[in-house]
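Nothing in this text is a laboratory measurement; each read-out follows from the coordinates by a stated rule. Bear in mind that the values here come from a model prediction, so they are computed numbers and not experimental data. Glycine gets a Cβ as well: all are built from the backbone with ideal geometry, and neighbour counts include every protein chain shown.
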Amino acid sequence: MTSTLDLERRGAAGSASQRALRPGASFLSGLSWRRSFNGIGLILPLGLLALWQTATSLQWIQPVFLPSPLATAGAFWKMLTKQNLHLDFLSSISIVAQAFVYGSLAAVGLGIAAGLSRKVEQFFGPTFDTIRHIPGIAWLPLIVLWLGIGAPAKILVIAKSVFFPVFLNTLSGIRNVEKRYVELGEVLTLTRWQLVRRVLVPSAVPSIMVSLRYSAGLAWALVVVAEGLSGLEGIGFLIFRAQGLLLTDQLVVCMVIIGFVGFAIDRTMYALQRRVLRWKQGFDG
Amino acid sequence: MTQRGSLDIRKVSKNYEVDGRPLKVLSDINLHVGPGEFISIVGPSGCGKSTILRLILGLDTGYEGDILLDGTRIAGTSLDRGIVFQDHRLLPWLTLEQNVSLALENAPLPAAEKRRTVAQHIALVGLQGFETVFPHQLSGGMAQRGAIARGLAVRPRILLLDEPLGALDALTRLRLQEELLRIWKAEGVTMILVTHDVDEALYLSDRVVVMNSGPGRIVGEVAVDLPTPRVRTSPAFASLKQRVLSLMGEYELEVA
Ligand SMILES: Nc1ncnc2c1ncn2[C@@H]1O[C@H](COP(=O)(O)OP(=O)(O)OP(=O)(O)O)[C@@H](O)[C@H]1O
Ligand SMILES: [Mg+2]
């Protein structure tokens, strides 16, 4: 991954003077950045909001089971101004960010190593394939016994869940490199390391990016569960506490926040994916 | 013993395994290419032209017979032997410029010299202005020209060209034929060109080697002893063309 970025940078530096005449490049960069926001995608959420409003104002559902949108907005304001909602939010985000970074760095590193060497793959294979099948959440109770109910236990468990999809995709990305490109590397007498950096890793980047996008979303979903199961802060904690106290409006606030943050994470990863893969023809997410 | 850039292919046969059974792709190929000679290989699709080039490159060592470069049996690839592949084979994640530079990665040149060589070869194939463009943004012919730039940039002793001008329009084709001739003369590189265009073969090369398939073999050779620059419309050119075509077994079809 880094190597592709390195190459980009080198290329950009080498050709700065020729920036002015790049017939193809400017044309394409304009083309690939459209499509993020579109009016049609707003129709359904607005419709659901209207339905929600109608259901509550016509008393189809009692407020204790579903508060009105307005009441929910009020609860949001109250949580933000009186209950330090932003601190819980930041604690969740920080856990997810750390878990994602650690998990995916380890996964890309080991995935490349295993992709390059059957020995490494065979060494880790049986262990990983077993651990992989024990869900992160099933690890949590034990890890909490070791590390306590604070952030480290959750980071570890979520990092584990991020690790496997990225690891497997990195491995298969490396293995699925087109043979003709490896042959080209041979013809150009690239060393092993040059081949890894210039051919094998870049060719694995598309599948790595897909798994990163997937596991970023997964990590965010898992933090809610992990915080609900242990600990005394975070969005996940708030949502389960709200249920216990029958504070349905706060519960819905948390749900909406989770949804929006998940949406933002996904769109960010998508934009990143497009940026990194702009060499790829017809790439459409 | 021999001069630099001479190639000897001796009794080379090659089988591919297809569905568990051996498929004879090349049978008893013998070919000598002198240093600085320009030869063309013509023959029907599937007769093993690309396969011979793969063997010369050292990409495939599973064959019978010997391939000697300057008297030594080739083992593996080397920057002495360059190729322009039939598919352009530019790496999709590198810009044109980076693709050409990659060929020079292990060339013993100072960095500034490498940059100059890259720019020079991109200009040579008429792609200046497209340095920072990715291969998927190039047309087929432009990508092919990029591949030619990459193949030439290394300045190999033997350059293998696998239908390098196939995807180009007539004018660009003629221009690049002139460029190939110019480079060949200027650098004294040994050239082996695979082409389906008999005129092109006769215009460029000292000798045209004709192959046929089932299994792939050399059926004949035509020495092109015409003065340069050659005139494609001259009677001598036409009679050589008839000889090549008749070796290919197409002459009868052509005149009928
Ligand atoms: N990897 C492979 N495995 C099995 N058979 C192969 C393989 N590569 C090539 N062949 C066979 O070898 C024969 C020669 O192929 P080759 O690519 O050398 O033909 P060619 O003369 O270059 O044809 P063209 O003009 O169409 O490029 C073909 O019959 C092809 O089916
Ligand atoms: Mg071929």
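Just a few scattered comments:
- Hits among aspartates and glutamates - C-alpha to C-alpha of B:Lys11 under 13 Å, sequence gap 8 or more where chains match: B:Asp28, B:Glu64, B:Asp66
- Euclidean distance of C-alpha centroids, the stretch A:220-285 and the stretch A:38-104, integer Å: 11 Å
- Sorting A:Trp139, B:Trp184, A:Trp60 from the fewest to the most surrounding beta carbons within 10 angstrom yields A:Trp60, A:Trp139, B:Trp184.
- Average beta carbon contacts from partner chains per residue of B:87-93, 10 Å cutoff: 6
- Of B:Ile56, B:Ile74, the sequence from fewest to most neighbouring Cβ atoms within 10 angstrom is B:Ile74, B:Ile56.
- Equivalent ellipsoid dimensions for the stretch B:50-137 as semi-axes, Å, which come from the Cα gyration tensor, largest first: 29, 16, 10
- Full-stretch length increase - A:Ala221, A:Val101 - with 0.36 nm per residue and alpha-carbon distance subtracted: 41.6 nm
- The value of relative contact order for the stretch B:16-97, using C-alpha pairs under 8 Å at least six residues apart, is 18 percent.
- Contact order normalised by residue count of the stretch A:117-244, Cα under 8 Å, 6+ apart, percent: 26 percent
- Over chain B: helical MRE at 222 nm, DSSP H runs n ≥ 4 each giving -39500 (n - 2.57), nearest 500: -10500 deg cm²/dmol
- Peptide A:187-196 - average C-beta neighbours from other chains (10 Å radius): 5
- The magnitude of the dipole of the protein assembly as shown, with charges of +1 and -1 set on the Cβ of Lys/Arg and Asp/Glu and taken from the Cα centre, is near 1100 debye.
- Ordering of B:133-139, A:115-121 by packing is B:133-139, A:115-121, highest average first (other Cβ atoms within 10 Å, averaged per residue).
- Mean separation of Cα contacts under 8 Å (6+ apart) over length of chain B, as relative contact order %: 25 percent
- Along the axis of the charge dipole computed for the stretch A:178-285 (Cβ charges of +1 for Lys and Arg, -1 for Asp and Glu, origin at the Cα centre), the listed residues A:Val256, A:Phe240, A:Leu212 are led at the positive end by A:Leu212.
- The alpha carbon centroids of the stretch B:206-250 and the stretch B:51-126 are separated by 28 Å.
- Partner lysines whose Cα lies under 24 Å from the Cα of A:Lys119, excluding those fewer than 8 positions away in the same chain, are identified as A:Lys160, A:Lys179.
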